[in-house]
Amino acid sequence: MENRFIEDLGVFAFEYEGYLSIVRLDKKIRLYTIEFNVSDEENGLFLDYIDDLRETYPTLGAQRRFKKHKLIIPINIKDMDLNVELIRIITLLSEELAARSYTQRCDRSGRTDELGVYRIGNQVEILNREIYFGILENKIEEIHPRGSLVQGYLGALIGMVIGVALWVLISQLRILAGIVGYAIAYFGIKGFERAYQTPNRNQIISIGLISIPVIVLSEYLANAVKIFMTNPNVVSFGTFLTQYYPELIRNFGLLQPMAINALIGIVLSVLYMVPSLKQMIRNNSKERIAYPVIDAQEVKQG
């Protein structure tokens with residue numbers, strides 16, 4: 001068996017019987033998982049095998065599943081001897097996959113030839129060797145482990161909604177709501193990271209630009225709620241917002257204080273974005289870490 005441990009990432013990589021596997025922390029479920037790049041070729045029969053294996057190795061999680069061409073098995077590594085039990089589990093799973101002739105595939109291309117485990121930046125993936133070098137030469141986009149770019153921006157918007165709610169709430173407490181501009185930027189970035197990946201420079205700038213109309217909308221809604229709550233039983237909030245509120249803004253000089261508060265929010269949002277951009281530039285200035293963890297040439301394809 002070939003096995004490697006990437007200390008700075010806390011990631012294990014294994015090869016046995018020609019089958020590659022990765023053990024790493026899944027931040028969403030806060031558990032380590034064993035990953036094999038195989039599809040469900042027997043309509044769940046392999047999952048039944050894992051369930052049987054759990055009787056001997058209860059550290060295996062119950063929420064084992066296939067996701068596209070990946071088999072994911074949660075595992076509690078805190079309660080096991082990594083040098084004995086983990087290796088034994090990987091051995092048994094690999095042997096069973098080999099006995100059933102499961103096909104493993106490249107994360108990026110779906111190819112089945114010349115597969116190895118490769119590190120690119122902070123990502124460790126099972127890749128075809130040619131695909132790996134294509135990524136290094138910038139001929140192929142780098143790996144994004146979660147979602148898509150659209151989902152990233154959707155996550156940013158959902159995060160900003162939390163900031164909007166805080167803006168409206170703080171405004172009702174007679175506090176300068178513009179200070180929440182910082183929170184809108186923060187939740188926007190975190191929402192993007194949660195749904196997709198750590199944003200690059202252009203994505204940070206895009207999130208910053210999206211936050212501007214969100215901040216303006218927050219101030220608009222916050223003032224509408226504040227005025228509406230002084231006499232909420234006259235008309236519905238929807239009617240007040242669309243028919244009466246624009247007139248009140250024009251006739252009672254509300255536009256200037258609203259604009260000032262929104263501007264404060266925009267400035268604070270930018271102040272949050274600038275350190276994020278600087279950190280991203282510093283990270284990009286460093287030489288990218290990339291190397292074969294278990295090279296395809298070392299793997300005896302079964």
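Of note:
- Distance histogram in 10 Å bins (all Cα pairs of the range 166-294, percent per bin): 12, 34, 26, 16, 7, 4, 2, 0
- Relative to the longest principal axis of the Cα atoms of the chain, the long axis of helix 255-285 lies at roughly 20 degrees.
- Pairwise FRET efficiency - R250 versus E7, Cβ, R0 = 51 Å, nearest 0.05: 0.20
- Global geometry of the range 173-229, whether rounded, prolate or oblate, following the gyration tensor of its Cα atoms and the 1.5 cut on a/c: prolate
- K190-A290 pseudo-label distance in nm [points 7 Å out on the Cα-to-Cβ vector]: 3.3 nm
- Dipole in debye (nearest 20) - the chain, about Cα centre, beta carbon charges: Lys, Arg +1; Asp, Glu -1: 1600 debye
- FRET efficiency, L154 to E17 (Cβ-Cβ, R0 41 Å, nearest 0.05): 0.50
- Counting only protein heavy atoms and a probe of 1.4 Å, the accessible surface of the chain is 56% carbon and sulfur.
- Helix 201-228 and the longest principal axis of the Cα set of the chain meet at an angle near 40°.
- Unit charges on C-beta of K, R, D, E only; dipole of the range 41-187, Debye: 720 debye
- Two-decimal Rg to Rh for the chain - Kirkwood Rh, Cα set: 1.14
- Rounded to the nearest 10 degrees, the angle from helix 149-172 to the longest Cα principal axis of the chain is 40 degrees.
- Accessible surface, per residue, of the chain when the full set of protein chains is kept, probe 1.4 Å, Å²: 54 Å²
- Spin-label zone in the range 3-22 - amide nitrogen under 11 Å from a point set 7 Å from the Cα of V84 along the C-beta vector: none
- Zone of E130's modelled label, taken as backbone nitrogen in the range 85-116 under 17 Å from a point 7 Å along Cα→Cβ: 105-116
The values are calculated or read from the model by the stated rules, or taken from the named source; none is laboratory data. What you see is a predicted model, and the numbers here were worked out from it, not measured in a lab. No Cβ is skipped: glycine too gets one built from the backbone with ideal geometry, and neighbour counts run over all protein chains shown. Quick note on the areas: whole protein, heavy atoms, side chains included, nothing else; ligands and nucleic acids left out. Shrake-Rupley method; radii C 1.70, N 1.55, O 1.52, S 1.80 Å.
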